[in-house]
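Structure first, commentary second.
Since every read-out is calculated from the coordinates, none of them should be taken as a lab result. For clarity, every value in this text was computed on a predicted model and none was experimentally measured. Here the Cβ is made from the backbone with ideal geometry for all residues, glycine too, and neighbour counts use every protein chain on show.
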Amino acid sequence: MASKDVSPSRIRALLEENAILRKEIRVAREAAEITASLVVKQFEETERVLQRLQNANAQRKAVLDSATQIAIIATDLNGTISVFNTGAENLLQYRAKEVIGKATPEIFLLKSELKFHREAIKVDSGREVKGYEVFLEYARQGRKEQQEWTYLRRDGTRFPAALSISALRDPEGVLYGFLCIAMDVTEKKRSEKALAESEANYRFLIDNIPNIVFRGYADGALDFFDDKIEVMTGFKRELFDSRKLNWFDLIVEEDRPYVRRKFIEALKSDKSYIREYRIRKKDGKIIWVEGCSQIVCDERGRVEFVTGSFLDVTERKRAEEALHESEEKYRSLFISGPNPIFVLDRETLAILDASPSAEETYDYYKDDLIGRNFEELGAFEYEDESLSLLEHRDWSDTGVFSQRIKHYRKGGEPFYVEVKACPTSYQGRPAIILAASDITEIIEKDAQLFQASKMTTLGEMSAGIAHELNQPLNAIKIGNDFLKKKVEQGESIRSDELHQVVTAAAGQVNRASEIIRSLREFGRKPDFRKEKVDVNMTIKDVMKIIGQQLILQNIKVVYDLDETAPPILANKNRLEQVIFNLVTNARDAIGHQDHSSENSAENVIALSTFADQKHVNLTISDTGIGIPEKNVQKIFEPFYTTKEVGKGMGLGLSITYGIIRDFGGTIDVESRPGGGTRFHLRFPLGKKTG
């Protein structure tokens, strides 16, 4: 806080400096007045002596020249300069012979100031004066007080001067001229300005810092420098200043021994102290106060006074208490929570602390876990954005992240966990608190359900798959029959014919192998590990299996694929299941469409992809029967289905929704009865490398 930049010792130093400056200025002013008075008297005495003794000229000159920093200028009634001492030469940069008998004092002064004084004389006395007559008029009036004028040096520079004007009279009292005595008060003005600035700065600090500055005494009496004490305590400042209210009376009784002890300890050391204690306000409310003080003693070591400041720290104390309570709750949950909890270094992911449940779940002693990199328990997904999130991203934008990963107990036994992490601080360093939940049983059940859904899908597609495999087999049989016939008839086989048959057969074998590979890939038991997946290639692999069945059902498939779309972070096998589910649903929706009308629309399933700056988008639409608006929000619920009994369990879209969510994506649906359905999927881009 800005208040802590102004220490009590600094405030005391400023006060002492102000006092010294004031004293010096008073002394300088008195000295100047005495000096001017003495010079005037000396000059007048010299004049009288000159009238009587012509041989006293040397003494007169010595007196005038001794005032080397005081300009003494005398003129006759015509304003012509008759005396111009060494001090005048030094201050005004003119030589005496240049101005004596040749100029008037006007050349050393501002025309604007002369005009101001002429107008003032006219207002006061009604007399019109001009030029040097201003000084003659002031001399006639017998003014003794000094006035501040601005003097001009020969080089044009200016300086402020304290000017006194005296009449010159002969022994009979007849006025024959005037005497001007001027002193350069530049330093005086600078000191006054510095003093004013210092006082202004001091007052600014006092008024604007939240601290309440005070001067106190051993008996508990206090003097305050502003009224902020009234806001803090509810008591009027005058009550403290008049000694009607003692500060000790406000301190909560239980805290008084501590307050006295801190004071005594400070007396025995460097005489400065900071103490926090409670006071009771006028309305009875108790607040916390922080007092920073310095004890000032006399030369005998007796306490003269205490200077310092008060600050209301009630809110800070409440925050500290809330933090303490929060830490106690955290520690209780950390120790007794059923799930493993880790504290990780935010930069290195090194384990800083681990809960007892973590020891039990991972079969490690706590000492074995501390210092180990968290990834040694189980690596994060390939180039997963979550790992980047843990290490580098601004947590203020995210707060919490969650992920399912495979971990290993001591000895290598695998199990699945869902980790949730959020930022924290630990022993003054940036950290992550991470909770791990064992979800192995859930994962296994999901995998079984997922596999059952795939097997159901394969069963539904068996006719199409059989037809798809029969085509390459028929082609191979035709080629083989041709060769057999040639051999049986004893005919020679031309090399080009043999090459054509063998090449066609090899191509059909590759086609069949690709179909079987796709089926095997699709049918294998999935895991949850992510990798970079090309969405377009996944679509093509799926359509190799189901495409023929769609053709048999007179359904046209339209593609609009963005071949420049970057990969996403997903699991290819599970993404295939998503596309299978949505395409088969589209097929079923078209199958329920009423085609009896002559104007029935063409049966179409459209698949399109495109990429934006942050996502890869996949849209699957159909010209099927559509979904009533009231059912749109239910289709992702488990076991919800509109199919006949035995035609489906209602888990396809529920599984689809869960897979997409695990990939960090979203799925939206647009549909209307008789107008088809459109599913729009959005997946975050895979993390870029290099």
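Before moving on, here are some points about what is shown:
- Among 172-180, 321-329, the order from most to least packed when residues are scored by Cβ within 10 Å on average: 172-180, 321-329
- Label point of TYR258 set 7 angstrom out along Cα-Cβ; within the range 266-298, amide nitrogens under 15 Å from it belong to 274-280, 286-292.
- Taken along the Cα-to-beta-carbon direction at a fixed 7 Å, the label points for GLU17 and GLU320 span 3.3 nm.
- Nearest-0.05 FRET efficiency for ASP612 and VAL313, computed from C-beta distance (R0 56 Å): 0.60
- Inter-site label distance for SER272 and LYS540 at 7 Å from Cα along Cβ, in nm: 7.7
- Taking label positions 7 Å along the Cα-Cβ direction at both LYS485 and ASN90, the computed distance is 13.8 nm, reported to one decimal.
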